[in-house]
Amino acid sequence: MSDGEADPANSGASSSSFPEKDPRKIARKYQLELCKKAMEENIIVYLGTGCGKTHIAVLLIYELGHLIKRPQENICVFLAPTVALVQQQAKVIEDSTDFKVKICSGNSKRLKSHEYWEKDMKQYEVLVMIPQILVHCLSHCLMKMDSIALLIFDECHNAQVQSNHPYAEIMRVFYKTDAIKRPRIFGMTASPVIGKGASSEGNLAKSINSLESLLDAKVYLVEDKNGLDSFVATATVRIYHYDPVVNGTSSPYIAYYNKLGDLKRECMSELSSKKDDLQSLRNSKKLLNKLHDNMIFCLKNLGFWGALQVSTF
């Protein structure tokens, strides 16, 4: 992009004849509020799955667009832990903004070439990659931390102080540049804790403190739970009670057990009366025995209601 193709004063402005893509138009109130907070300081957004964390990241990219829109030399780096997520998030950014987005793959030639990276950093404004690639680039001086204006961590709960995850390495080793040259940090997570027993109250606080310390950011939640609930699908919990089966001696169990036995015998008799070939008859009887055994197993272990649900599949 040449120097005259974009006005850096307009966040996310497009030089094409098409209308400018503005992610604010479809943003929810809490997304705009969290984006505003992210413009003021490094934050970690702690929201459940389906609450629109990625759109908050898109809003932030849009609002800080004057820092990365060409002819500016800085870029936004969006990190995701898997290749599938990299591709997914890159598409969301492309669909929601007018920024030039690049998916950085693990191509060996690209990883070793200063020329490739210099070209990409001049041509693109948002680079989306797995964290291992950024570690490699920073380690081999293919990219400098002070050239990144905005650094986004998807599923940032992986960045724990005692962790060897690439997220942790990026912050521990390469975030030591002058404070004024450090990128804005934005983290996203549906759960700030990882590991067995991490959801206990003590471990939750410890994990959050670890995240905040390593990412140099503060964890934020949505204060208006009512506003959030209107956008999030919640599961309906139904509890069914039935009497326990004690050694297969309860009256309902015996009744249904006998009924299944009667049905099996009726079906066997019906099969025997058909004039099918011998192999076909054997296969049918084998299948019938298997179905009967499965239903008895479900009746014994799940009770009548559970066995009934299984029988409908």
Efficiency of FRET from Cβ geometry, Gln309 and Lys36, R₀ 51 Å, rounded to 0.05:
0.60
At a Förster radius of 35 Å, what calculated FRET efficiency corresponds to the Cβ-Cβ distance of Asn283 and Asn164, to the nearest 0.05?
0.05
Using amide H atoms built in the peptide plane, which far-off residues or other-chain residues are under 5 Å from Asp22 H to H?
none
Fully extended contour minus Cα-Cα distance, from Thr177 to Lys206, at 0.36 nm per residue:
7.8 nm
Where a ≥ b ≥ c are the square roots of the eigenvalues of the C-alpha gyration tensor, would you call region 23-230 rounded, which needs a/c under 1.5, or, failing that, prolate if a/b is larger than b/c, or oblate?
oblate
The answer for Arg184, listing residues at least 5 apart or on another chain whose modeled amide H is closer than 5 Å to its amide H, is Leu150, Leu151
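Gain in length, Thr236 to Cys267, computed as 0.36 nm per residue apart minus the alpha-carbon separation, to one decimal in nm?
Numbers: separation 31, 0.36 × 31 = 11.16 nm, distance 3.90 nm.
In short, 7.3 nm is gained.
Every number in this text was worked out from the coordinates using simple rules, so none of it is lab data. Nothing here was measured: the structure is a model prediction, and the numbers come from that model. Counting neighbours? That spans all protein chains shown, and the Cβs are built from the backbone with ideal geometry, glycine included.
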